[in-house]
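All remarks here apply to the structure that follows.
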Amino acid sequence: MIEYSNSNPPLLQDYAQLVHKLQSHVGVDQCEEEGMMMMMMVQEECELPLIDLGVLITSESSSDEASKLECMAKIAKASSEWGFFQVVNHGVSSELLRKMREEQIKLFRAPFEKKASSGLLNNSYRWGTPTATCPKQFSWSEAFHIPLAKISDQASYGDFTSLREVMVEYAEAMQGVAKLLAGVLAMKMGRPKQVLEEICDENTCFLRLNRYPACPISPEIFGLVPHTDSDFLTILHQDEVGGLQLMKDSKWVAVKPNADALIVNIGDLFQAWSNDAYKSVEHKVMVKRKVERFSIAYFLCPSYESEIGSCKREPSASVYKAFTFGQYRHQVREDVKSIGHKVGLSRFRV
């Protein structure tokens, strides 16, 4: 017998209400059919391309130029063929990653009422999917999604005073990795490495702290529904539990956790800017029945007013119309509201 009244956050209650509402409108058979479709998703385990960034971070010798070029080529290739890769020797200390994880766990262990109503981290706490109209749109997770411009605000931390210092240091470290990778990907398209730094800074980027509680209902429920990221690129630090899956060659593959690596994925803006040279790939998170999962994502974003054009110098060569990040985010919200899911870049193709 599943207890619906004591979950933190109240995902069980929300999910049960969603299923009950759906059953009353479409009947039990369709609900069961939808559940079977979710369970039929077959996954294979894969190891993402592994790239050592050490030569780009520590080497200043011209004799290592060939090694640098080889590393840059690997980054561009993985971004084109996978849309995902993992990096080691990235310059972020294991001690900082450990401290950030400890603080993250303490934060999510707080009572639900405290997380939801005390204004923590710029009042950015979210759980489940309020807009879901069926189980396949429901995310079994909770998160704090906070702009970098707000993480130094001491008033946002309440009793969690030790979180602030660690989070500021963590954000700065991730921003360094993101700028390095964005610079490499820009140069591989023949543009200056600083081209994205001009529109992406601490005032426009975000950190998202994620927890995926153990799910007593079914391991086939989404922790995070299938989606692509709307930014330039995302850097993810995940624990050893696993659950991240991505679409590769028209099938879902499960990403094997690597404790020493950060995961990087290309977002929609980089795909549009690169004229489809780099791929923003659909991905999702699957929950576990008995084990919770933690991750932290850094999102490299521009300002809402920034225009996303093509890296091609001839406008006629672009496969996308120019659009601002604000216009793109507005369209995504409208699509989710009207049809229940994100359509993405296809609406902006020429």
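So what's the angle, to the nearest 10 degrees on a 0 to 90 scale, between helix 325-339 and the longest Cα principal axis of the chain?
Roughly 30 degrees, rounded to the nearest 10.
Report, to the nearest 10°, how far helix 94-108 tilts away from the longest principal axis of the Cα atoms in the chain, using its own Cα long axis and a range of 0 to 90°.
Value to nearest ten degrees: 30.
Between Ala214 and His145, what length comes free when the chain is fully extended (0.36 nm per residue of separation minus the Cα-Cα distance, one decimal in nm)? Mind dumping the intermediate values first?
Details: separation 69, 0.36 × 69 = 24.84 nm, distance 2.07 nm.
Stretched out fully, the Ala214 to His145 stretch lengthens by 22.8 nm.
Given a 1.4 angstrom probe, what's the average accessible area per residue across the chain, in square angstrom? Don't jump to the answer; show the numbers that get you there.
On the way: 16750 Å² over 350 residues.
Result: 48 Å² of accessible area for each residue.
With springs only between Cα atoms under 10 Å apart, run a GNM on the chain and tell me which of Lys150, Lys337, Lys248 wobbles the most.
Its mean-square fluctuation being the largest, the pick is Lys337.
Ignoring any ligand, DNA or RNA, what whole percent of the accessible area of the stretch 126-240 comes from carbon and sulfur when the probe is 1.4 angstrom?
Numbers: 2270 of 4570 Å².
The value for the stretch 126-240 is 50 percent carbon and sulfur by accessible area.
Report the relative contact order of the stretch 41-316, percent, no decimals, based on alpha-carbon pairs under 8 angstrom and at least 6 residues apart.
Numbers: 537 pairs, mean separation 66.9, N = 276.
Reported as a whole number, the value is 24 percent.
Please sort 127-133, 207-213 by packing, taking for each peptide the average over its residues of neighbouring beta carbons within 10 angstrom, highest first. Mind showing how you got there, number by number?
Numbers: 127-133: 16.4, 207-213: 22.3.
The densest-packed peptide leads the list: 207-213, 127-133.
Could you name the aspartates and glutamates whose alpha carbon sits less than 19 Å from that of Lys136, not counting residues in the same chain fewer than 8 places away?
Here the aspartates and glutamates satisfying the reach criterion relative to Lys136 are Asp14, Asp29, Glu32, Glu33, Glu34, Glu220, Asp229, Glu282, Glu334, Asp335.
Kindly flag which residue pairs out of Lys99/Lys188; Lys279/Lys312; Lys193/Lys251 have an alpha-carbon separation exceeding 24 Å in this structure.
Details: Lys99/Lys188 35 Å; Lys279/Lys312 16 Å; Lys193/Lys251 34 Å.
Violating the 24 Å limit, Cα to Cα: Lys99/Lys188; Lys193/Lys251.
Taking Cα atoms, how many degrees apart are the long axis of helix 28-39 and the longest axis of the chain, rounded to 10 and kept between 0 and 90?
That helix lies at roughly 30 degrees to the long axis.
Quick one: if you stick a label point 7 Å off each Cα along the C-beta vector at Ser93 and Ala317, how many nm between them?
Calculated label separation equals 4.5 nm.
Percent relative contact order of the stretch 130-243, based on C-alpha pairs within less than 8 angstrom and at least six residues apart?
Working: 96 pairs, mean separation 50.3, N = 114.
Computed value for the stretch 130-243: 44 percent relative contact order.
Treat every Asp and Glu Cβ in the stretch 79-230 as -1 and every Lys and Arg Cβ as +1, leave all other atoms uncharged, and give the resulting dipole magnitude about the Cα centre to the nearest 20 debye. Present the calculation step by step, with values, prior to reporting the outcome.
On the way: 17 positive and 17 negative charges, 54 e Å.
It comes to approximately 260 debye.
Given N residues in the stretch 41-316, what is its alpha carbon radius of gyration divided by 2.2 N^0.38 Å?
Numbers: Rg = 18.7 Å, N = 276, 2.2 N^0.38 = 18.6 Å.
Working it through for the stretch 41-316, the quotient is 1.00.
Full-extension gain between Glu240 and Leu69, please, as 0.36 nm times their residue separation minus the C-alpha to C-alpha distance.
Numbers: separation 171, 0.36 × 171 = 61.56 nm, distance 3.14 nm.
Additional length available on full extension: 58.4 nm.
The values are calculated or read from the model by the stated rules, or taken from the named source; none is laboratory data. Not measured: the values here are computed from a predicted model. Don't worry about glycine lacking a Cβ; one is built from the backbone with ideal geometry, like all the others, and counts go over all protein chains shown. Surface accessibility is based on the protein's heavy atoms, side chains included, excluding ligands, DNA and RNA. Shrake-Rupley method; radii C 1.70, N 1.55, O 1.52, S 1.80 Å.
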